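Comments concern the structure below.
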Amino acid sequence: LQDQFDNLEKHTQWGIDVLEKYIKFVKERTEIELSYAKQLRSLSKKYQPKKNSKEEEEYRYTSTRAFLATLNEMNDYAGQHEVISENMTSLITGELTRYVQELKQERKSHFHDGRKAQQHIETCWKQLEASKRRFERDCKEADRAQQYFEKMDADINVTKADVEKARQQAQLRHQMAEDSKAEYSSTLQKFNSEQHEHYYTHIPNIFQKIQEMEERRIVRIGESMKTFAEVDRQVIPIIGKCLDEITKAAESVDHKNDSQMVIEAFKSGFEPPGDIEFEDFTQPMKRTVSESSLSNSRGDGKSEPKFGGKSKGKLWPFIKKNKGAGPEDFSNLPPEQRRKKLQQKVDELNRDIQKELDQRDALTKMKDVYIKNPQMGDAASVDHRLSELAQNIEKLRLEVQKFEGWLAEVEGRLPARNEQPRRQSGMYEPQNPSAVNSCAQDRESPDGSYTEEQSQETEMKVPATDFDDEFDDEEPLPTIGTCKALYTFEGQNEGTISVAEGEMLYVIEEDKGDGWTRIRRNEDEEGYVPTSYVEVYLDKNAKGA
């Protein structure tokens, strides 16, 4: 292939293009794997039970626990696709990208040597041609000088001096022709040697290096394809384990156990009613009323429908009074929201204190430098600022103490989160009069929200207060528009509601200046979300109404 230099140059460039195309293919595959893993994780997260919600209670059944296990395994399954992407990026894309750069440099070097060798042989060829033309010209000049001398020598009219001059000129031309001949012979011999060296040594060596380079490229792309398959094969056992765990979770579903759990959850504990005695109205009434009679059981159960009645959808009745800036201790908010606001205020004040402390430390160091090196500045110039900082720090600390006191007061009144709901524990138990009478004062439910749920007995015995008048007859708030969730929000605190990105919900109360908007998903689910997390579309007619 010594005469196919240009074609080899094109072919090796094509080989590099193929390698770069394969790198691009693997890179796109890694992006697909990452996107797939992200979608799987989002799917798993979307169907995870929301914390502190009714959904969490539903996951005590074996079927829902199996579904939860499936979601967790899908999360691990997504992780393996991320591993595929990472390994392909590091073992194939990264390695081949570096190799392509090295390959380009090596190819450039080899073809540079080849072009240099070609230029050298072309230069030798031009020197040979020039030497040959010079030899040819000198020979013709010598012949013409010889013919002129012979002509002058034969002419009897020419002087002897002219004949001698022509003879000397002929001898000079002959000598020049001999010198040109010797030079041409030497140049020809040198060119033949260079040409032989070029075609049998230099070019074969260069082409051998190009061939080895090209074969290494071919081997490398083959090894990369094998790695491509191995990266997938390595995660197959782990993916298999994920699928085995899903199968195991499915096999753990126990319909008998779930049925028993339903029975345990809803059984009332009442005995079935006894037989109703015959009442003979011709005789004095002899009927005896037992505690387990039908009328008794019905009477006892009258108060049950009241639980979760018309106020079911209300989360925070007091929030309606949150108009304007509100008191400094946030006493207009429900306990949990008040606790959050107070905690935020304490954290904010602590950050302000830290900033002031940092400034004080910096100024103290500057003052020390000025004391040691008076030429750099006056130490007394920072005393005024240090005094101001000390006063600010003291004021902020007093503020922190004040808000921490309110916070301790709120946290002391809040029930523990793991405390069982009191109204649930007494739902199916007979209520004594004292418990009924105290129900009106114990409005705060264990989750930190307020409720107006009262038994029928309580309504008869406890006089109505201003608070009762305000909220007892309150209907669920009407919708005033819709909103779209811009981001996913996990409502982990009392009174909040979890939303997924892109979800459409109903707006039932605008932001009152505290950064929260009240929304509703359905009749049973409503709560507050940060206003910055949703895009609100208010219904003009509803708002005007």
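The values are calculated or read from the model by the stated rules, or taken from the named source; none is laboratory data. Just so it is clear, the structure is predicted and the values come from calculations on it, not from any experiment. With ideal geometry, Cβ positions are generated from the backbone for all residues, glycine too; neighbour counts draw on all protein chains shown. Just the protein is used for accessible areas: all its heavy atoms, side chains included, with ligands, DNA and RNA removed. Shrake-Rupley method; radii C 1.70, N 1.55, O 1.52, S 1.80 Å.
Here each label is just a point 7 Å from Cα along the line to Cβ, and for M225 and E86 those points are 2.9 nm apart. The C-alpha radius of gyration of the stretch 481-538, expressed as a fraction of 2.2 N^0.38 Å, stands at 0.96. Rolling a 1.4 Å probe across the protein heavy atoms gives the stretch 481-538 an accessible surface of 47 Å² per residue. Length available on full extension from Q344 to D361: 0.36 nm per residue minus the Cα-Cα distance, which gives 3.6 nm. Estimated at 0.36 nm per residue, the fully extended path between K160 and E215 surpasses their Cα-Cα distance by 11.8 nm. Given the Cα atoms of the stretch 134-195, and with Rh set as the inverse mean 1/r over their pairs in the Kirkwood sense, what is Rg to Rh to two decimals? With Rh from the inverse mean 1/r over Cα pairs, Rg/Rh is 1.23.
Model label sites at E411 and Q234, defined 7 Å from Cα along the beta-carbon direction, differ in position by 4.7 nm. Peptides 208-216, 232-240, 172-180 ranked from most to least packed give 172-180, 208-216, 232-240, packing being the mean of other C-beta atoms within 10 angstrom over each peptide's residues. Rolling a 1.4 angstrom probe over the protein heavy atoms with all chains in place gives the stretch 341-412 an accessible area of 66 Å² per residue.
A convex hull fitted to the Cα coordinates of the stretch 4-258 yields 136 cubic angstrom per residue.
Heavy-atom accessible surface of the stretch 111-178, averaged per residue, reaches 74 Å², computed with a 1.4 Å probe.
For the pair D383 and D275, label points projected 7 Å from Cα toward Cβ lie 10.5 nm apart.
A simple rule links phi to the HN-Hα coupling: the Karplus curve 6.51 cos²θ - 1.76 cosθ + 1.60 with θ = phi - 60°, which for the stretch 149-156 gives 5, 5, 5, 5, 5, 7, 8, 6 Hz, with x for Gly and Pro. With a Förster radius of 30 Å applied to the C-beta separation of T97 and Q13, the computed FRET efficiency comes to 0.95.
Our compactness index for the stretch 341-412, the C-alpha radius of gyration over the empirical 2.2 N^0.38 Å, is 1.49.
For the stretch 481-538, averaging the sequence separation of C-alpha pairs within contact (under 8 Å, six or more residues apart) and dividing by the residue count gives a relative contact order of 39 percent.
Given a Förster distance of 30 angstrom, what is the FRET efficiency for K108 paired with Y199, based on the Cβ-Cβ distance and rounded to 0.05? Efficiency computed from Cβ-Cβ geometry: 0.85. At an R0 of 22 angstrom, the distance between the Cβ atoms of E20 and E501 translates into a FRET efficiency of 0.05.
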